[in-house]
Amino acid sequence: MSVLIRGARLYGEGDPVDVLVADGLISAIGSVEPPEDAEVIDAAGQVLLPGFVDLHTHLREPGREDAETIETGSAAAALGGYTAVFAMANTDPVADNAVVVEHVWRRGRETGLVDVHPVGAVTVGLNGEKLAELGTMAKSAAGVRMFSDDGHCVADPLIMRRALEYSTALNAVIAQHAEEPRLTVGAQAHEGEIASRLGYAGWPASAEESIVARDCLLAQHAGARLHVCHVSTAGTVDVLRWAKNRQGPGFISAEVTPHHLLLTDERLATYDPVNKVNPPLRTGGDAARLRAALAEGVIDCVATDHAPHPVQDKDCEWAAAKPGMLGLQTALSVVTETMVATGLLDWRGVARVMSERPAEIAGLPDQGRPLVTGEPANLVLVDPDAAWTVRGAELASLAANTPYEGMRLPGVVTLTLLRGRITAREGKIG
Ligand SMILES: [Zn+2]
């Protein structure tokens, strides 16, 4: 079985070409006559990119299968153009041991729509007190190479130091949810003018920036790799620039979410908890700096922080609502709106921030590869001129908590291939 993608522009550059996919690989590029068994995809006017890699996804299984399962989350990922996702450890039970990470990894393989890589917890039960068995998770069938207590910050500097030191022996990366918890007690929204007007307790930018600065210093001291999750403030961009200059390439990396690129705390005036997220939506000035930093490479990549919640956890008072929003199926469109339509990134740049850099950070050898003959056919086809209207109820996730409800966004994923197999096509699975 082979697939012929006819007349796409690679990275949106140059003349349209045909791309033949067979045996899981890109087998020919140019002007190709379709083999007899080939499925022919008309890709005129479309852009072919390497499949997207999400370093930050919450799939909720095990434990909260009323919000999302590995199967429904994988479907959302495939429809969003993803060929690999990293499933965060804050499940129930927590993915802090080999049994749970192997379970997640195996369920991902059985579903087969996207490569699901479990993230292991840094500390037992995410309680920040005792290092989890990182080595056992690394040696398990899941081959964990990214560890994070995401949802919680590894706040104790000694535990963070030990985790960073230990990670070097495992060739792993520690991904930190940077939030000094003593500065965010009871926090409900970005600390600023709008939160004070609405009477919400504030989540100050310095709670993020101080942890990022501390961790960059600890990582340098340990010679370890640190990945900063969901950067949300202009000050963190300054810290990252300083730390990267100081330490040189390859040690510090950072991600930004689509929602922090597009949405701001002005959304809070609606009192709609769909806008509640951690870290919170920041100011327009922060969003502008995040976009510029992503274009420049100070922020390496886009990660969704896809966080499904059932309706009872979102459709309630702001203070009682859980933080988080869906992201997998809308990421490409939000990046198109904020980065491509604004001229900040071309499509090659999109390939860098949504596929190549995240694959490098996570050490995936078969993702984010160049579009040349002989490479694994992990691919996504994007119609850059099409647009769609987001409807939470129509997304593949079990939950519907999208902040983009009713918005018309540019850029449509029309085809996703995982090792040469079609996982999503024209908004449908398989
Ligand atoms: Zn987080």
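What residues qualify as long-range amide H neighbours of Leu398, i.e. H under 5 Å apart, gap of 5 or more or another chain, H built at 1.01 Å from N?
For Leu398, the qualifying residues are Thr69.
With a cut-off of at most 14 other beta carbons within 10 Å, and DSSP calling the residue loop, which trypsin sites (Lys or Arg not before Pro) in the stretch 314-401 qualify? Please list them.
When the trypsin sites (Lys or Arg not before Pro) of the stretch 314-401 are filtered for loop state and at most 14 Cβ neighbours within 10 Å, Arg391 remain.
Using θ = phi - 60° and the Karplus curve 6.51 cos²θ - 1.76 cosθ + 1.60, what whole-Hz ³J(HN,Hα) does each residue of the stretch 15-30 get, with Gly and Pro shown as x?
7, x, 9, 9, 10, 9, 10, 8, 6, x, 10, 6, 9, 7, 9, x
Going by amide H atoms built from the backbone, whose H comes under 5 Å of the H on Asn278, apart from near neighbours?
HN-HN under 5 Å from Asn278: Gly324.
Arrange the residues Leu10, Leu290 by how much accessible surface each exposes, largest first, with a 1.4 angstrom probe. Walk me through the numbers on the way to the answer.
Numbers: Leu10 30, Leu290 0 Å².
From most exposed to least exposed: Leu10, Leu290.
With a ≥ b ≥ c taken as the square roots of the eigenvalues of the C-alpha gyration tensor of the stretch 4-55, please select rounded if a/c is under 1.5 and otherwise prolate if a/b is larger than b/c or oblate if it is not?
It comes out oblate by the Cα gyration axes.
Can you give me the relative contact order of the chain as a percent, contacts being Cα pairs under 8 Å and 6 or more apart? Don't skip to the answer; put the middle values down first.
Details: 1081 pairs, mean separation 84.3, N = 430.
Computed value for the chain: 20 percent relative contact order.
Roughly speaking, to the nearest percent, how much of the chain's 1.4 Å accessible area is carbon and sulfur? Don't skip to the end; give the middle numbers.
On the way: 8070 of 15900 Å².
Carbon and sulfur atoms account for 51 percent of the accessible area of the chain.
How are the Cα pair distances of the chain distributed, in percent, across 20 Å bins from 0?
Pairs per bin, as whole percents: 28, 60, 12, 0.
How big is the Rg/Rh ratio for the stretch 28-149, C-alpha atoms only, Rh by Kirkwood, two decimals? Intermediate values should be presented prior to the final figure.
On the way: Rg = 17.7 Å, Rh = 15.8 Å.
Rg/Rh: 1.12.
List the trypsin sites (Lys or Arg not before Pro) within the stretch 85-163 that DSSP assigns to loop and that have no more than 16 neighbouring Cβ atoms inside 10 Å. Don't jump to the answer; show the numbers that get you there.
Numbers: sites: Arg106, Arg107, Arg109, Lys130, Lys139, Arg145, Arg161, Arg162; in loops: Lys130, Arg145.
In loop regions of the stretch 85-163 (DSSP not H, G, I, E or B), the sparsely surrounded trypsin sites (Lys or Arg not before Pro) are Lys130.
Using each residue's phi in the stretch 406-420, evaluate 6.51 cos²θ - 1.76 cosθ + 1.60 at θ = phi - 60° and report the 3J(HN,Hα) Karplus result to the nearest Hz, with x for Gly and Pro.
These are the phi-based 3J(HN,Hα) values: x, 7, 9, 10, x, x, 10, 6, 10, 7, 10, 10, 10, 6, x Hz.
Quick one: accessible area per residue over the stretch 285-430, 1.4 Å probe, rounded to a whole number of Å²? Mind showing how you got there, number by number?
Numbers: 5370 Å² over 146 residues.
Computed with neighbouring chains in place, this is 37 Å² per residue.
So what is the calculated 222 nm ellipticity per residue for the chain, using -39500 (n - 2.57) for each DSSP H run with n of 4 or more, over all residues, to the nearest 500 deg cm²/dmol? Please list the in-between numbers first.
Numbers: 13 runs with 119 residues, N = 430.
The helix contribution divided over the chain gives -8000 deg cm²/dmol.
Quick one: work out the % antiparallel among DSSP beta bridges in the chain, nearest 5.
Percentage antiparallel, nearest 5: 50.
At 1.4 Å probe size, with every protein chain present, just tell me what the per residue accessible area of the stretch 90-201 comes to in Å². Intermediate values should be presented prior to the final figure.
Working: 4990 Å² over 112 residues.
Here the per-residue accessible area is 45 Å².
The values are calculated or read from the model by the stated rules, or taken from the named source; none is laboratory data. The structure displayed is predicted, hence computed values, not measured ones. Positions of Cβ are backbone-derived with ideal geometry, glycine not excepted, and every protein chain shown enters the neighbour counts. Only protein heavy atoms, including side chains, enter the accessible area calculation; ligands, DNA and RNA are left aside. Shrake-Rupley method; radii C 1.70, N 1.55, O 1.52, S 1.80 Å.
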